[in-house]
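Down below is the structure, laid out as structure tokens.
The values are calculated or read from the model by the stated rules, or taken from the named source; none is laboratory data. Quantities reported herein were computed from a predicted structural model and do not represent experimental measurements. All Cβ positions, glycine included, derive from the backbone under ideal geometry; neighbour counts span all protein chains shown.
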Amino acid sequence: GAHFDVVVVGAGSGGIAITAGLLKRKPQLKIALIDPSEVHCYQPGWTMVGGGIFDNDTTKRSMQSVIPAGANWIKDAVETFVPQENKLLLSEKGAVYYDQLIVAAGLKLNWAAVEGLPETLGKNGVTSNYQYDLAPYTWELVRSLKDGKALFTQPPMPIKCAGAPQKALYLSADHWHKNGSLDDIQVHFYNAGAVLFGVQDYVPALSSYMEKYHAGLHFGHNLVRIDGNARKAWFSAKAEDGSEHLVESDFDMIHVCPPQCAPDFIRSSPLADEAGWVDVDSATLRHKRFSNIWGLGDVTNTPNAKTAAAVRKQVPVVAENLCSVLDGDEPVVAYDGYGSCPLTVERGKIVLAEFGYGGKLLPTFPKWLNDGTKATSLAWALKAKFLPEFYWQGMLKGREWLTSPDSLKTPDAESKQKESVSP
Ligand code: FAD
């Protein structure tokens, strides 16, 4: 099999950005990017497609067009990891060998975990912004609904872009509010979790929009079955005594956020933790057991918000640390858990949630310019006008604007520091 200095598994947000970032630092590196997909999508745009704001075409480009110059794209899927031999097995093209491996394979949308869902997706009023070809159907349903019941669901964590299920609700309800039909449409949010948003600072602003749209909030309700023809959905709900029971609801349209898990080939590999995710140190992003393996993006077990915004901050961390290891040193920088979720509460306004590990607020802008805990039009302009270009022209090209990782903070470094100050 072929041998490379660095092999990157997955050419999504993380895979493309890290390849570009590494080639900027060390242009002579021989890097292979492995991904079977013909296309690369800007997934954060799908919320806007479902809200009728972006055209779907703008969220998709050919994979070839985003592969960084100087990288080798292997169009195939990884099937097996053999870390003891620094080897991967591809589904068609055999073995590939590496010195350093970066795993950025994203996560699996587990549609089949909801009984009846795969059969009825994209028809019978059943839609989801989580898939490229379904997002336009959301907008079609929203535009045509004049009265009745609209449901929006959120599965158990972790999911990518945890705000996306309620973003779909807000943009839909905002449309009905503005065209005068909201009085005739009942809006309901069925959330498997116990709170509207995991970081409390953002909850008041979001709650006020739920009130404005008269949305019924159903916490602890997890979608388990759907019958598109009958237009009925069932949720498993926990009673106060801890017992589970089924709750039934009819619907005219339902926006489903699918259950999510680690991809099967990751889950079954020696790289996985018990839950199936790539087991990395949450600061250095280096694998806990294999020192020449790194994890990046949605596929890892780091407890941050799984977002492209998190990937943007993780890329320079992996790039710096991997280069340091190639030079014979230890990892030098730490990831602080930054992730961001622009909550589109209405057309023209966004609550820009930005936070790191432990729910620590990490706003990019000073409060006088943009208060992230409030709905602002500046944040909308950012999402609607700047972020897509920032993604295609900045992040995917290895331009690390506004991204300065923390300096030396690794567990090793900390203990060394302690040693040196102790008497
Ligand atoms: P991905 O970009 O998903 O890429 C994974 C890649 O791995 C894919 O190209 C896939 O083909 C490849 N792959 C899979 N299996 C294999 C295999 N066996 N071998 C080789 N390659 C493989 N983020 C934000 O920051 N802000 C937002 O507002 C936002 N909104 C979102 C809204 C929606 C509806 C969705 C779906 C996502 C949103 N996100 C948002 C999340 C963001 O898109 C992801 O967090 C980000 O794309 C993760 O990057 P990744 O590289 O980890 O995974």
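Annotations
- Note on segment 357-374: residues that are loosely packed, with under 14 Cβ neighbours inside 10 Å and either among the aliphatic types (A, V, I, L, M) or under 18 Å from THR344 (Cβ atoms) (or both) total 2.
- Of all residues in segment 22-42, those satisfying the criterion of being within 13 Å of the ligand (Cβ to nearest atom) and either of a type in the set (A, V, I, L, M) or outside any loop (DSSP other than H, G, I, E, B) (or both) are ALA32, LEU33, ILE34, VAL39, HIS40, CYS41.
- Take the conditions (1) in a helix (DSSP H, G or I); (2) buried (at least 18 other Cβ atoms within 10 Å of the Cβ); GLU140 misses just one of them, which is (2).
- Some residue of segment 233-245 being of a type in the set (D, E, K, R), at pLDDT 95 or above and either buried (at least 18 other Cβ atoms within 10 Å of the Cβ) or not in a helix (DSSP H, G or I) (or both): no
- Scanning segment 49-69 for residues that are over 18 Å from TRP392 (Cα atoms) and assigned to a loop (DSSP other than H, G, I, E, B) yields GLY51, GLY52, ILE53.
- The single condition among (1) among the small types (Gly, Ala, Ser); (2) buried (at least 19 other Cβ atoms within 10 Å of the Cβ); (3) at negative phi that GLY276 does not meet is (3).
- Once segment 86-109 is narrowed to residues that are part of a loop (DSSP other than H, G, I, E, B) and of a type in the set (A, V, I, L, M, F, W, C), the residue that is farthest from LEU326 (Cα to Cα) is LEU107.
- Some residue of segment 63-80 being over 25 Å from the mean Cα position of the chain (by Cα), more than 24 Å from LEU322 (Cβ to Cβ) and either surrounded by 20 or more Cβ atoms within 10 Å (Cβ to Cβ) or more than 10 Å from the ligand (Cβ to nearest atom) (or both): no
- Search result, residues across segment 323-337 that are within 16 Å of the ligand (Cβ to nearest atom) and either basic (Lys, Arg) or touching a strand residue (DSSP E or B) at 6+ places or on another chain (Cβ under 7 Å) (or both): ASP336
- Boolean, ALA113 is surrounded by fewer than 22 Cβ atoms within 10 Å (Cβ to Cβ), touching a Cys at 6+ places or on another chain (Cβ under 9 Å) and hydrophobic (A, V, I, L, M, F, W, C): yes
- Matching residues in segment 352-365 - criterion: being among the hydrophobic types (A, V, I, L, M, F, W, C) and away from the ligand (no atom under 12 Å from the Cβ): PHE355, LEU361, LEU362, PHE365
- Residue pairs whose Cβ atoms lie under 6 Å apart, separated by 6 or more positions or on different chains, with the first residue in segment 110-126 and outside any strand (DSSP E or B) and the second at pLDDT below 95, do not occur.
- Residue tally, condition more than 9 Å from the ligand (Cβ to nearest atom) and in contact with a helix residue (DSSP H, G or I) (Cβ under 7 Å, 6 or more places away or on another chain), over segment 151-165: 3
Listed here are the residues, each with its yes/no results for (1) surrounded by 15 or more Cβ atoms within 10 Å (Cβ to Cβ); (2) modelled with pLDDT of 95 or more; (3) over 25 Å from HIS175 (Cβ atoms).
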site: LEU322; (1), (2), (3): yes, yes, yes
site: ASP327; (1), (2), (3): no, yes, yes
site: TYR338; (1), (2), (3): yes, yes, yes
site: LEU343; (1), (2), (3): yes, yes, no
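- Pairs linking a residue in segment 209-238 that is assigned by TED's automatic domain parsing to the domain that holds THR373 to a residue that is at pLDDT below 95 and among the small types (Gly, Ala, Ser), with Cβ atoms under 8 Å and 6 or more positions apart or on different chains, do not occur.
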